[in-house]
Amino acid sequence: MTQPAKRRLNSTRTKEKGSRINKGRTKARYSQGPKNRPFPVMTHFLELPDDIIFVICSYLDTKALCRLSQTCLRLHHLTNYDSAWRRIAKKCLNTGITHDGLDLFPNISLKDRVKVSQNWKRGLYREDAPLKWKKNLLPWIQLDGDILYLSQAADIRAFKLQPEKYSLKRKPLVVYTGHREDVCRFLLTSSHIISGGGDGKIILHQKLSNFKIEFSAHEQEVNCIDCLGGVILSGSRDKTARMLLKVQKESTIFISLFPK
């Protein structure tokens, strides 16, 4: 056989071999679907879009999500989003997710809140006292967004929360005064703080302001107080219940008292 004929034969064998390899790859990447139509085999997990990965993550538990976040940088970044932890957070204790799906603390990541909840459940926590005082008091406390309202003796103090440091600012934003004795109860509305003290007074404080209105409602300490709309109800140790009607007109508040 001449040299040019050998070259043509080797070229033909190389083409046939390459054709067989390509056919084998095609069979590996495709399989027969309905009506003998080929469809691609599932691609790599990391090639999936973010939305599909979030859907998959929604079916995982806490341990599986944490392990998935340790596999690579991309999955670590994706598992830090709140959407990956929302279903778990709804089932955990005190994560700020209501049954309706409303997030009460959007400034704190859901992953951190689930971690704190799981630690509380297992008894793993750190004891810390962000606020201390020397007097033996029984404070009344309420949280409104990132503002903590705390009664201390005859005053009510408003402290700013620092979620990134898990602490409070030591210096209060506002100090609400007016009672001669300890604050027994107080409640928050959208615009005011209503407090009842041991001196029998009921005081309306405007939030984050020094404006206030005092009213002598009882002869002894106020044990309970509540508000609905423009009506304020209070009860005292002097065996009386009082109703205060609050009417707002042209930035002036008028208060009338109805005895029991």
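Would you confirm, using the coordinates I've provided, whether Ser216 is farther than 18 Å from Ile147 by Cα, polar (S, T, N, Q) and open to solvent by 40 Å² or more (accessible area, probe 1.4 Å)? Give the steps one after another, and end with the answer.
Details: farther than 18 Å from Ile147 by Cα: yes; polar (S, T, N, Q): yes; open to solvent by 40 Å² or more (accessible area, probe 1.4 Å): yes.
So Ser216 fits the description; yes.
For first residues located in the stretch 189-206 and open to solvent by 10 Å² or more (accessible area, probe 1.4 Å), partners that are of a type in the set (A, V, I, L, M, F, W, C) and not in a strand (DSSP E or B) and lie 6+ apart or on another chain with Cβ distances below 9 Å form the pairs Gly198/Ala154; Asp199/Ala154; Lys201/Ala217.
Summed over the stretch 72-102, residues that are outside any helix (DSSP H, G or I) and open to solvent by 90 Å² or more (accessible area, probe 1.4 Å) total 6.
Among the criteria (1) at pLDDT below 90; (2) more than 14 Å from Ser234 (Cβ to Cβ), the one Thr177 does not fulfil is (1).
Report, by residue number, each residue of the stretch 196-230 that is part of a strand (DSSP E or B) and under 15 Å from Ala241 (Cα atoms). Reasoning before the result, please.
Going through the stretch 196-230, the residues part of a strand (DSSP E or B) turn out to be 196-197, 201-206, 212-216, 222-228.
Residues satisfying the conditions are Gly196, Gly197, Lys201, Ile202, Phe215, Ser216, Val222, Asn223, Cys224, Ile225, Asp226, Cys227.
The values are calculated or read from the model by the stated rules, or taken from the named source; none is laboratory data. Predicted model, so just to flag it, every value in this text is computed and none were measured. Neighbour counts run over all protein chains shown; Cβ positions are idealised from the backbone, glycine included. SASA here: full protein model, heavy atoms, side chains in, ligands and nucleic acids out. Shrake-Rupley method; radii C 1.70, N 1.55, O 1.52, S 1.80 Å.
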